[in-house]
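Written below as structure tokens is the structure these notes are about.
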Amino acid sequence: DYRDVRDLRRQAEAGLQRQQAEQERQNRLARLYERLQAADAEEDWPEALSLVGRIEAFGGEGYRDVPELKEKARRRLRRQQQPAPAWVWPVGGVAVVGLVLGFLWLAFGGGAMPTDTPTPTSTSSPEPVSGLPPADASLHDTWTRPADGMTMVYVPGGTFQMGSEDGDGDERPVHEVTVDGFWLDQTEVTNGQYALCVADGECDESSYADNADYNGENYPVVGVSWHDATAYCEWAGARLPTEAEWEYAARGEQGNKYPWGNANPTCDLAQYSECSGRTVPVGSFPEGASWCDALDMAGNVWEWVGDWYGEYPSGPQVNPTGPETGQHRVLRGGSWYLIPDYVRGAFRDWLLPDSRLNNLGFRCARGS
């Protein structure tokens, strides 16, 4: 009944998150600078420039002697990229002409050429990899997404009661929702997978900086905004799940309190405040799987979904996508530093879509 309690909690959490984010930023800058010094000592100028860019992206333009190292790397790269002397091209051209004439001499009488064509060892070509999941999927079916190797699980369509009478006010009113079948990432997107999108030039490297170096490739990518998550899913041939799809995959038609059922959380089922105090590799809790085999839907990192944040409607809905406009985007699933109540399947939270914190991640979905 104390309506301002949740607002005070959010203010306190926001302050804590800002402190954590600033500390993490300073830690990352220190690690990046150490690597920059090593690249300078090894005269690895492309790596040095890449590290400078990452330091600048984290607001470290004036960090120690970074500007001087940046100019040094640029000068050395320019020297390495100077064109070859003019005399090289005529000499190279003469050599090529000589090779061609020699081959012709051998082919037309100057020497023997083989008369038999070797038999190919195989005339078959590799089976093509389908870019689309099977159209006749059912519960417990999986499909590997070609773009990033993510395993997606099939979530059959159904009807469930969305929300909770026992939760916060924005989880009410409980209302009937029907969703069509869809595919959902079995785990949260990892650092290693996100790096593939960065390498393709479709995702912003500064969004997650050296998180992969700090946490490892199989940890959930964090420090990504809603926009970053959306860009990744589009690159992978998918999209963010709707809030209704996410909750349905977490709770099912039976309306479980948690993905694994109604039993209280333990550190064998999820990663939350009473556990190790940081993220863990994706898929670490197979016993915490939801009814459709989705993992990590409670704890570890918050997950962006596609919807704007808003009040629930009172009547039934079919494939809802949330309000048409808004200020905040919805987060689901809780994270590694939150209490058990926040990792319930019906719990909702929200942030500005450009927020980037060390407990924000995502997973993707696509229609069937």
Once you have the alpha carbon radius of gyration of region 296-368, what is it after dividing by 2.2 N^0.38 Å, with N set to its residue count? 1.14
At a 1.4 Å probe radius, which order do 325, 144, 242, 266 fall into by accessible area, largest first? 325, 144, 266, 242
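Quick one: putting +1 on the C-beta of Lys and Arg, -1 on the C-beta of Asp and Glu, what dipole do you get for region 244-346 around its Cα centre, in Debye to the nearest 20? Don't skip to the answer; put the middle values down first.
Working: 6 positive and 13 negative charges, 36 e Å.
Dipole magnitude for region 244-346 comes out near 180 debye.
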Hull shadow area, averaged, region 220-368 [alpha-carbon convex hull, nm²]: 8.6 nm²
Compare 145, 31 by solvent-accessible area with a 1.4 Å probe and give them largest first, with all protein chains kept in place. 31, 145
So for region 185-308, using the alpha carbon gyration tensor with a ≥ b ≥ c as root eigenvalues (a/c under 1.5 gives rounded; past that, a/b versus b/c decides prolate or oblate), I'd call it oblate
Sorting 332, 366 by accessible area (1.4 Å probe), largest first, what list results? 366, 332
Tell me, what is the FRET efficiency for residue 327 and residue 42 to the nearest 0.05, using R0 = 51 angstrom and their Cβ-Cβ distance as r? 0.60
Put +1 on the Cβ of every Lys and Arg and -1 on every Asp and Glu Cβ in region 131-258; which of 139, 151, 246 then has its Cα farthest towards the positive end of the dipole? 139
Subtracting the Cα-Cα distance of residue 12 and residue 273 from 0.36 nm times their residue separation yields 92.4 nm
Given region 220-368, what percent of its DSSP beta bridges are antiparallel, to the nearest 5? 70 percent
With a cut-off of at most 11 other beta carbons within 10 Å, and DSSP calling the residue loop, which chymotrypsin sites (Phe, Trp or Tyr not before Pro) in region 220-286 qualify? Please list them. none
For region 224-285, state which trypsin sites (Lys or Arg not before Pro) are in a DSSP loop and have at most 15 other beta carbons lying within 10 Å of their beta carbon. 278
Given a Förster distance of 35 Å, report the FRET efficiency between residue 218 and residue 319 from their Cβ-Cβ distance, rounded to the nearest 0.05. 0.60
I'd like the distance between the alpha-carbon centres of region 263-286 and region 170-194, rounded to an integer number of Å. 19 Å
Return the long-range amide H neighbours of residue 306 (sequence gap of 5 or more, or a different chain), with a cut-off of under 5 Å between placed amide H atoms. 242, 243
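The values are calculated or read from the model by the stated rules, or taken from the named source; none is laboratory data. In this text the structure is predicted, and so the values were computed from the model without any measurement. Cβ sites come from the backbone with ideal geometry, for glycine too, and all protein chains shown count toward neighbours. SASA here: full protein model, heavy atoms, side chains in, ligands and nucleic acids out. Shrake-Rupley method; radii C 1.70, N 1.55, O 1.52, S 1.80 Å.
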